[in-house]
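Only one structure is covered here, and it is reproduced in the block below.
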Amino acid sequence: MSTDPRAATGMGSDGTDAADVGVHLDPSVRREVLISGAGPVGMILALELSLHGVRSTLVEQAPQTTTFPKMDLTNARSMELLDRLGLADEVRRVGVAPQHSFDVVFCTSMAGYEVGRWHYPSVDEMRQWIEVTNDGTAPAQPWQRVTQIEVEKLLMKRCLADPNIEVLRPWKVTSVAQDGDGVRATIVSPVGGADHELTADYLVGCDGAGSVVRRAMGLTMEGERGVITFCQVHFKSRDLATLHAHGQYWHAFFVGGGVGAIIAQDEVDTWTLQTSAITDGVDTADIDKQQLLDKVCGRHLEIDEVLQSSVWKANVLVADRYRVGRLFVAGDAAHEVIPTGGYGLNSGVADAVNLGWKLAAVIKGYGGDELLDSYDAERRPVAILGRDWSFRHLGIHVQAQGLVDPALVHADGPEADAHRAELAEYFSANTGEHGSWGVEMGYRYDGSPVVVSDGTEAPEFDGSVYLPTTIPGSRAPHVRLADGSSLLGAYQDGFTLVSFAGAAAAADMVAAAAAENVPLEVLAVDDVNARRLYERDLVLVRPDGHVAWRGDVLPDDPRALLRRVTGRVSVSAAL
């Protein structure tokens with residue numbers, strides 16, 4: 001394998017404008033991990049593996065990164081995970097500037113009435129909140145608005161510069177097989193139609209809703225298809241007199257004319273219209289985009305350029321399994337949700353980190369098969385949670401449309417004013433779509449075979465609220481120490497034993513980790529606030545920042561504990 005990843009792909013340094021013709025592809029080399037699909041989830045998985053010193057090969061059918069905006073929110077938890085990879089600051093540099101709010105406006109049209117507003121803080125405002133909040137309820141990182149166009153460029157540039165990552169494109173995985181010794185994948189190049197068979201220890205399908213890997217695994221997608229149909233138009237416009245008639249916003253939803261919204265993609269000139277006011281089977285080529293935009297704006301909108309348009313159906317689906325032998329799925333290959341709440345790609349980011357460190361642990365010899373099984377046990381319930389809450393958020397919009405009197409909401413006079421006031425009250429009472437901190441940060445990996453329960457009865461889960469806790473399976477809370485650093489900064493490429501009883505109290509665990517070849521660092525912390533929030537004198541935190549075990553003293557057999565949390569002993573055997 002070439003030490004210069006660009007030599008294997010023939011690409012430019014930004015990874016966006018060149019294609020691999022397979023000149024340096026060596027199919028005789030057995031790969032450690034093959035990743036089908038180099039979207040954000042596939043690339044984050046490759047970078048996570050590299051963080052642990054594991055090589056991977058990305059196979060991507062597109063010759064360049066996407067030109068489609070797709071995502072527009074990287075939530076606070078995802079930004080914490082990206083910060084582990086040294087990506088948070090880079091993502092912010094290519095994202096929306098930090099002073100712009102995340103406000104959601106509800107209006108009859110851009111020329112009509114504003115009937116409601118959800119105020120969500122800008123990155124600057126959230127950063128100020130984080131700086132003055134040290135009770136564990138805040139994330140370590142603010143959220144970020146950024147399009148997938150910019151994220152993919154950034155991630156591809158990092159992957160191309162990483163000697164642990166081989167990038168093959170445009171190549172497509174067309175078939176997959178496995179046996180007890182490894183996996184075999186046939187890849188085909190659209191440039192000349194050449195094909196090769198690659199072998200690897202493991203293969204992960206990050207290849208989207210039409211995943212070839214998922215089909216090879218024989219998985220069933222459970223849920224509903226086509227729950228809502230949208231026409232989507234990406235366009236450029238600097239007509240802020242029209243677009244900002246109600247002030248700056250992130251999303252502007254229209255009431256009184258069907259579900260629809262305009263999304264501010266970059267706060268400069270790039271926007272997306274999403275509307276359900278179309279008929280199934282309509283080809284976007286037959287839609288007059290100017291007429292459609294003028295209609296939703298309520299006045300003529302000056303358009304500089306229509307970038308892309310499409311008609312798509314939103315699915316709400318979760319795969320029945322995430323692992324079959326040496327094959328795995330992640331991201332959209334494993335789950336599809338309605339965009340409301342932004343749980344799709346953000347769940348995919350956590351999928352990639354969760355699976356990445358576990359594959360690395362097994363490949364490096366300190367993780368066992370139970371650790372790989374835990375990927376399904378941990379991440380699949382989170383996808384179901386996101387699925388259910390995305391439906392809940394969509395219901396707020398659908399119910400709002402049912403409350404609207406289409407004639408009255410556009411009218412003038414006291415009765416119309418009263419009707420709009422009722423709608424404003426409704427929206428004010430239902431603001432949780434982008435503030436459901438429990439869904440984003442408060443889920444626990446209950447029932448995971450590699451999480452050791454201490455018997456504490458967890459509070460009833462509330463997806464709208466994040467309650468900081470170190471109950472095993474939980475995300476370890478962000479706590480700012482006296483030097484200004486966050487405890488979350490310690491959780492990266494190995495296990496961390498946070499000790500509030502001094503380093504000596506962890507000595508037996510250090511010896512056990514050395515004997516078991518488990519990477520472990522001891523973080524001795526003398527901080528009353530942190531001890532209160534971490535709830536025990538000793539808290540064992542995994543590379544992904546989730547608590548594996550906690551107690552006030554070490555167990556009698558620390559080696560057995562480490563074998564349990566690294567999946568080298570079954571739950572029944574441990575009991």
Matching strands (runs of 3 or more DSSP E) fully within the range 507-575 where at least 1 residues are without any contact (Cβ under 8 Å) to a residue 60 or more places away in the chain
520-524, 538-541
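Hey, among 318, 311, which residue is over 30 Å from residue 369 (Cα atoms) and either in the same structural domain as residue 31 (by TED's automatic domain parsing) or outside any helix (DSSP H, G or I) (or both)? Break it down stepwise before answering.
Working: 318 fails: over 30 Å from residue 369 (Cα atoms).
None of the others qualify; the one that does is 311.
Do we find that residue 457 is touching a His at 6+ places or on another chain (Cβ under 9 Å) and either surrounded by 20 or more Cβ atoms within 10 Å (Cβ to Cβ) or closer than 28 Å to residue 138 by Cβ (or both) in this structure?
In short, no.
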Look through the range 473-498, keep the residues that are of a type outside the set (Val, Ile, Thr) and over 22 Å from the mean Cα position of the chain (by Cα), and return whichever of them is nearest to residue 543 (Cα to Cα).
495
Surrounded by fewer than 15 Cβ atoms within 10 Å (Cβ to Cβ) and among the polar types (S, T, N, Q) - does that describe any residue in the range 510-518?
yes
Scan 313, 358, 364, 295 and give me the residue that is buried (at least 20 other Cβ atoms within 10 Å of the Cβ) and among the basic types (Lys, Arg).
358
Across the range 172-215, the tally of residues that are among the charged types (D, E, K, R), in contact with a helix residue (DSSP H, G or I) (Cβ under 7 Å, 6 or more places away or on another chain) and under 24 Å from residue 345 (Cβ atoms) stands at 2
Note on the range 195-233: residues of a type in the set (S, T, N, Q) and under 21 Å from residue 25 (Cβ atoms) are 199
I'm trying to understand the selection: among the residues of the range 326-342, which are modelled with pLDDT of 95 or more and either in a strand (DSSP E or B) or buried (at least 24 other Cβ atoms within 10 Å of the Cβ) (or both)?
327, 328, 329, 330, 331, 332, 333, 334, 335
Among residues of the range 141-195 being surrounded by 23 or more Cβ atoms within 10 Å (Cβ to Cβ), touching a strand residue (DSSP E or B) at 6+ places or on another chain (Cβ under 6 Å) and of a type outside the set (A, V, I, L, M), the residue nearest to residue 271 (Cα to Cα) is 144
Please count how many residues of the range 479-504 are surrounded by 14 or more Cβ atoms within 10 Å (Cβ to Cβ) and more than 28 Å from residue 54 (Cα to Cα).
6
Scanning for something part of a strand (DSSP E or B) and not polar (S, T, N, Q), does the range 122-138 turn up at least one residue?
no
Would you mind stating whether residue 292 is over 31 Å from the mean Cα position of the chain (by Cα), touching a residue at least 24 places away in the same chain (Cβ under 8 Å) and assigned to a loop (DSSP other than H, G, I, E, B)?
no
Taking the condition of being over 13 Å from residue 108 (Cβ atoms) and surrounded by 15 or more Cβ atoms within 10 Å (Cβ to Cβ), how many residues in the range 396-417 meet it?
2
Of 345, 394, 372, 359, which residue is in a helix (DSSP H, G or I), outside the structural domain of residue 152 (by TED's automatic domain parsing) and touching a strand residue (DSSP E or B) at 6+ places or on another chain (Cβ under 9 Å)?
394
Tell me, which helices (runs of 4 or more DSSP H) lie completely within the range 1-85 with 2 or more residues that are at pLDDT below 95 and surrounded by fewer than 24 Cβ atoms within 10 Å (Cβ to Cβ)?
5-9
In this structure, is residue 364 among the charged types (D, E, K, R), farther than 25 Å from residue 78 by Cα and either touching an Asp or Glu at 6+ places or on another chain (Cβ under 7 Å) or at pLDDT below 95 (or both)?
no
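The values are calculated or read from the model by the stated rules, or taken from the named source; none is laboratory data. This is a predicted model, so every value here is computed, not measured. All Cβ positions, glycine included, derive from the backbone under ideal geometry; neighbour counts span all protein chains shown.
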